[in-house]
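Trainee: Quick one: this structure, given as structure tokens, is what I'll be asking you about.
The values are calculated or read from the model by the stated rules, or taken from the named source; none is laboratory data. Bear in mind that the values here come from a model prediction, so they are computed numbers and not experimental data. Every residue, glycine as well, gets a Cβ built from its backbone with ideal geometry; the counts of neighbours run over all protein chains shown. Heads up: the accessible areas ignore ligands, DNA and RNA and are worked out on the full protein's heavy atoms, side chains in. Shrake-Rupley method; radii C 1.70, N 1.55, O 1.52, S 1.80 Å.
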Amino acid sequence: MFLRVQYVFLHHVCSAPWITRMAESVLFPVLLAAVKIKCLKLVFDCFPYQANLTHFSHLFLSVLVKFNNCAGNKGVRYETNSLDFKVRADGTLYAAHHLQVPSKQLILMVTKFVSFVLLTPPLPSVDTLLPWRQHQSANGLRRQKRDWVIPPINVPENSRGPFPQQLVRIRSDKDKEIHIRYSITGVGADQPPMEVFNIDPVSGRMYVTRPMDREERASYHLRAHAVDMNGNKVENPIDLYIYVIDMNDNRPEFINQVYNGSVDEGSKPGTYVMTVTANDADDGTTANGMVRYRIVTQTPQSPSQNMFTINSETGDIVTVAAGLDREKVQQYIVIVQATDMEGNLNYGLSNTATAIITVTDVNDNPPEFTTSTYSGEVPENRVEVVVANLTVMDRDQPHSPNWNAIYRIISGDPSGHFTIRTDPITNEGMVTVVKAVDYEMNRAFMLTVMVSNQAPLASGIQMSFQSTAGVTISVTDVNEAPYFPTNHKLIRLEEGVPTGTILTTFSAVDPDRFMQQAVRYSKLSDPANWLNINATNGQITTAAVLDRESDYIKNNVYEATFLAADNGIPPASGTGTLQIYLIDINDNAPELLPKEAQICEKPNLNVINITAADADIDPNVGPFVFELPSVPSAVRKNWTITRLNGDYAQLSLRIMYLEAGVYDVPIIVTDSGNPPLYNTSVIKVKVCPCDENGDCTTIGAVAAAGLGTGAIIAILICIIILLTMVLLFVVWMKRREKERHTKQLLIDPEDDVRDNILKYDEEGGGEEDQDYDLSQLQQPETMDHVLNKTPGVRRVDERPIGAEPQYPIRPVIPHPGDIGDFINEGLRAADNDPTAPPYDSLLVFDYEGSGSTAGSVSSLNSSSSGDQDYDYLNDWGPRFKKLADMYGGGEED
């Protein structure tokens, strides 16, 4: 038993160049043949087959070569130089015996033609099956049979059919003994995608059912099974590898249709610009997927039609020529073509994309002034004024560092009166005054300015001669205000100078030396109105006595402000401040402190510390001298002064006892000024009885205040009476509150408000409801006031005449348990009392006016259909008796 595999392939009319091209492009044939013969006609069968064989044993390969010579096939014989292979008369090549294929290729020499047959060892992923069991041969010998491996099957994609197309036939050498059924499993058979391949279960022929697409799936791995009719395995499954051979059916596709790149102007040839990339879905290991690039067009073609080139394999675009100038050409549009088949335009497929190359700016153009000289004019004493605008021209890209101008003053302004600022919109230079100029000092300025860019100039570019210019600035004279050279002016003098004293001359200077103008002076601020100023020469005199102790003096300094104005057009004025430092003189006598004190009536218990205050300052203050006057004599008799230091002394009793009371003690205080000043001050001393600690007692303090014993007793009696009255009032209020809480639960008949109409606060209606008579709604005591009314609409509530029921009498001292019974009895009596309001009579109410927004209710009628039982009115008591009689007995009436 042995397994025979027979391959059937499509036949093609081939030639040696065709075979060579296909081998290079799609790796189609593994059987590569080169034929040398002197015949005009050659028919060659090409087989897409790779002899991936390890063992040869009774294995027939239909490697069939048909050769037709000029006289046909007569006399054609095939021979090979290999002892391991033989060629039959029909051209079939087969292995002569069991052999192991080496790792290298075998070259077989066949007469009449030379065929190069490539037999490669198996792929590493193909497993060799275990050998079969021994079978008995005809001569009694037993041989070892091995499992077989099917070489990979190559199927070209996009085949046009017809389908199904046979790929291979599988047969087992046991099919002569038993019926065998063949099947295949795997992706493409019984797994998605389903039924791409199928097999004839009887003959073992395997077919492909539809065109293949390598880009969808490049290979399939199937397993072939051989079982008997009962489903038992006859042979071990074999692996079938099917490879889809690529065809050039996909164009290269660019990743982007538009590519953007940039290159600096003036770049040297070979400068990298950008990279474009195209992908081909075909097999990249073959020419079908090998993409090559080329530039089709360049727009504009300036300064050369070939400014750029592209690497055909990588897609890198670089410059190839010099002369890139942004000021001439800012952008290039390059059409790039990608072609597969290694760029063969005859066989390959192509696609295009657009590359936009922007020429970026470099600072290759220095800024230049539009004119060589500029002029301007500025008034003196003005700042932040634009004097002149400097215009420049720069051909670089606007609003970039290569275009933005920077201006500098290189000469003509040593004092820094001017600066040049750049207008960010127009790029102009604005000459601006930053430090005031003086016409009397400089009547004109001659400036030299230079302009440059924020970015440095490109290599090899020099500054232009026109990058510098001159600026002439004229200063105009204006009327300047007079000013005081010494401001604030300080003078020193003693206080108390007499009125009219000349203090100083506070004069101003007019800076306008070239104008003949007069300056006049006046006071602007003089808080105490102590000064006068001469309007012509600025001489200052006193208008009052200057007092250092005045409230207008701060830190011994008095300030006044004066105004100096010229007679220019328009007039101008300036101010100056005069500070007068007043030197103190001894013009204030000292004052005794404190003004009041208290002391015990007995000496040696306490004393009074005294001092003095002086408005002057040193040396016209302390040390002070304290002494008692000699008149009246009782002062020195009763009191004595003891000196403590230059500013303090002690006042105490000289005698052993002094009656309690208030005493005025005069004391003479003298300062240390030159000449000294003194003052006699009176201190009020309260003499009072003291306790053992030397403190005045309360009674003693009162006595010392001048109240006698009778007055003190009278005050105490008044306090006691007032407290008694307050206590009685509190007791009376508590008793009244207690009586209110213990009031009887039942009220008197005259206080009974039941069935009465009470008049509460009235909350008047709108504007049309302000005039009404509330008495119409009140319960009348008699009918006289109603009958006496003028005829009209009125409320007549008549009280029926009849015997009044007897209400229960309230006990004098009601028991809490009888309250409920009493209330219930009174309720029953009231319900059965027809004379109790509201009375059962016809009521007519006052007319309430018109204008109601509510509709008429005259259309509402009571329904007369159906019977209704009104007997329940009898259960509502005597108040509804008449209503029950009217409706309750309808059938009897």
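Trainee: If you go through segment 269-305, how many residues are hydrophobic (A, V, I, L, M, F, W, C) and loosely packed, with under 15 Cβ neighbours inside 10 Å?
Mentor: Counting residues in segment 269-305 that are hydrophobic (A, V, I, L, M, F, W, C) and loosely packed, with under 15 Cβ neighbours inside 10 Å gives 1.
Trainee: What are the residue pairs meeting all of these: first residue in segment 397-422, first residue of a type in the set (A, V, I, L, M), second residue in a loop (DSSP other than H, G, I, E, B) and open to solvent by less than 30 Å² (accessible area, probe 1.4 Å), Cβ atoms under 8 Å, and 6 or more apart or on different chains?
Mentor: Ala405/Pro367; Ala405/Asp394; Ala405/Asn427
Trainee: Being in a loop (DSSP other than H, G, I, E, B) and touching a residue at least 24 places away in the same chain (Cβ under 8 Å) is the filter; apply it to segment 620-641 and report the residue that is nearest to Pro689 (Cα to Cα).
Mentor: In this case the residue turns out to be Leu628.
Trainee: From the list Phe445, Phe465, pick out the single residue that is modelled with pLDDT of 85 or more and either crowded, with 16+ Cβ neighbours inside 10 Å or closer than 30 Å to Gln539 by Cα (or both).
Mentor: None of the other options fit; the residue is Phe445.
Trainee: Quick test of your reading of the structure: Gly161 fulfils all but one of (1) part of a loop (DSSP other than H, G, I, E, B); (2) of a type in the set (Gly, Ala, Ser); (3) at pLDDT 90 or above. Name the failing condition by number.
Mentor: That leaves (3) as the condition not met.
Trainee: Looking only at segment 174-202, count how many residues are open to solvent by 20 Å² or more (accessible area, probe 1.4 Å) and outside any strand (DSSP E or B).
Mentor: 14
Trainee: List every residue pair whose Cβ atoms sit under 7 Å apart, with the two residues 6 or more apart in sequence or on different chains, where the first one lies in segment 303-326 and is closer than 20 Å to Gly343 by Cα and among the small types (Gly, Ala, Ser) and the second, anywhere, is modelled with pLDDT of 95 or more and open to solvent by 40 Å² or more (accessible area, probe 1.4 Å).
Mentor: Every condition considered, the pairs that remain are Ser312/Arg292; Ser312/Arg294; Gly315/Thr275; Gly315/Thr277.
Trainee: Here's a follow-up. Filter segment 562-584 down to the residues that are outside any strand (DSSP E or B) and closer than 24 Å to Ala528 by Cβ and list them by number.
Mentor: Matches in segment 562-584: Asp584 only.
Trainee: Also, quick follow-up: Tell me, which residue of segment 367-383 that is assigned to a loop (DSSP other than H, G, I, E, B) and open to solvent by 20 Å² or more (accessible area, probe 1.4 Å) is farthest from Asp423 (Cα to Cα)?
Mentor: Asn381
Trainee: To continue, here is another question. What residue, among those in segment 511-554 that are open to solvent by 30 Å² or more (accessible area, probe 1.4 Å) and among the acidic types (Asp, Glu), is farthest from the chain's Cα centre (by Cα)?
Mentor: Top of the filtered list is Asp547.
Trainee: Considering only residues of segment 240-268 that are open to solvent by 40 Å² or more (accessible area, probe 1.4 Å) and part of a strand (DSSP E or B), which is nearest to Leu167 (Cα to Cα)?
Mentor: Looking at the filtered set, the residue picked out is Tyr243.
Trainee: Among the residues of segment 384-421, write down those that are open to solvent by 70 Å² or more (accessible area, probe 1.4 Å) and acidic (Asp, Glu).
Mentor: Answer for segment 384-421, where residues must be open to solvent by 70 Å² or more (accessible area, probe 1.4 Å) and acidic (Asp, Glu): just Glu384.
Trainee: Let me ask you something else. Out of all the residues in segment 642-662, which are open to solvent by less than 40 Å² (accessible area, probe 1.4 Å) and part of a strand (DSSP E or B)?
Mentor: Ala649, Leu651, Ser652, Leu653, Gly661
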